[in-house]
1. Among the numbered criteria (1) more than 16 Å from the chain's Cα centre (by Cα); (2) of a type in the set (Phe, Trp, Tyr); (3) within 16 Å of PHE111 (Cα to Cα), which one does TYR48 miss?
2. I need every pair where a residue in region 13-33 that is closer than 13 Å to ALA96 by Cα has its Cβ under 6 Å from the Cβ of a residue that is in a strand (DSSP E or B), sequence separation at least 6 or different chains.
3. From the list PHE109, PHE64, PHE23, which one is over 22 Å from TYR127 (Cβ atoms) and over 12 Å from the mean Cα position of the chain (by Cα)?
4. SER77 - would you say it is of a type in the set (Gly, Ala, Ser), surrounded by 13 or more Cβ atoms within 10 Å (Cβ to Cβ), in contact (Cβ under 8 Å) with a residue 12 or more places away in the chain and over 20 Å from GLN17 (Cβ atoms)?
5. Quick check on region 85-94: of everything there that is part of a helix (DSSP H, G or I) and either out of contact with any Leu (no Cβ under 9 Å at 6 or more places or on another chain) or of a type in the set (Val, Ile, Thr) (or both), which residue is farthest from ASN62 (Cα to Cα)?
6. Considering only region 43-71, state which residues are at pLDDT below 95 and surrounded by fewer than 16 Cβ atoms within 10 Å (Cβ to Cβ).
7. Working only within region 58-69, note down all residues that are touching a Leu at 6+ places or on another chain (Cβ under 8 Å) and either of a type in the set (Asp, Glu) or assigned to a loop (DSSP other than H, G, I, E, B) (or both).
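The values are calculated or read from the model by the stated rules, or taken from the named source; none is laboratory data. Since the model is a prediction, treat every value here as computed from it, not as a measurement. Neighbour counts run over all protein chains shown; Cβ positions are idealised from the backbone, glycine included.
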Amino acid sequence: MTLDKSNYSLLIVEIIQLFFQTFKEDMLFVDKHIAIEHMGYFKIQYKYIPLKYDIVFESERNVFCIDIYDEEGAKNSLYRIEKFHNETRLNNIRKAIGLLEMVLKKNDFCFYIIKNGKLYRKKDQQYTRVKDMRELTR
């Protein structure tokens, strides 16, 4: 689907439906923010109930990302955990939501958080200082 102002509303409704169809009662819709006049920006927020994670779907300039936050505010992006095509197209979004479902069910990934100006990797409530930023691209 080529995105222009008339297609954004339909796309956003379809994304919300995809999340509901995939996660059913495990994913709670929280909020959406739409400002398509600013380079096609929109954000949809969810709460993944089984793990109490916040899930944020964000799109701008026809590229989307899905971020996962824990209760402490530590985060990781789905793209860092599992690579996917992130051009804002319904087929890519459908595949990414499927990856998200797999990643959340497995729950075997780390989060990153900044404390006292330093970056830490958080895994199983253990914090390890990230000293080499190349770790973030692996």
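1. Of the numbered conditions (1) more than 16 Å from the chain's Cα centre (by Cα); (2) of a type in the set (Phe, Trp, Tyr); (3) within 16 Å of PHE111 (Cα to Cα), the odd one out for TYR48 is (1).
2. Sorted first by the residue in region 13-33, then by its partner, the pairs are PHE19/MET27.
3. One residue alone meets the criteria, PHE23.
4. yes
5. ASN91
6. Matches in region 43-71: ARG61, ASN62.
7. Correct list: ASN62, ASP67.
So that you can scan it fast, the table gives a plain yes or no per residue for (1) free of Cβ contacts under 8 Å to residues at least 40 places away in the same chain; (2) of a type outside the set (Val, Ile, Thr); (3) part of a strand (DSSP E or B); (4) farther than 30 Å from ASN7 by Cβ:
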{"residue": "PHE42", "(1), (2), (3), (4)": "yes, yes, yes, no"}
{"residue": "VAL56", "(1), (2), (3), (4)": "yes, no, yes, no"}
{"residue": "GLU71", "(1), (2), (3), (4)": "yes, yes, no, yes"}
{"residue": "LYS83", "(1), (2), (3), (4)": "yes, yes, no, no"}
{"residue": "ALA96", "(1), (2), (3), (4)": "yes, yes, no, no"}
{"residue": "LEU100", "(1), (2), (3), (4)": "no, yes, no, no"}
{"residue": "VAL103", "(1), (2), (3), (4)": "yes, no, no, no"}
{"residue": "ASP108", "(1), (2), (3), (4)": "yes, yes, no, yes"}
{"residue": "LYS122", "(1), (2), (3), (4)": "no, yes, yes, yes"}
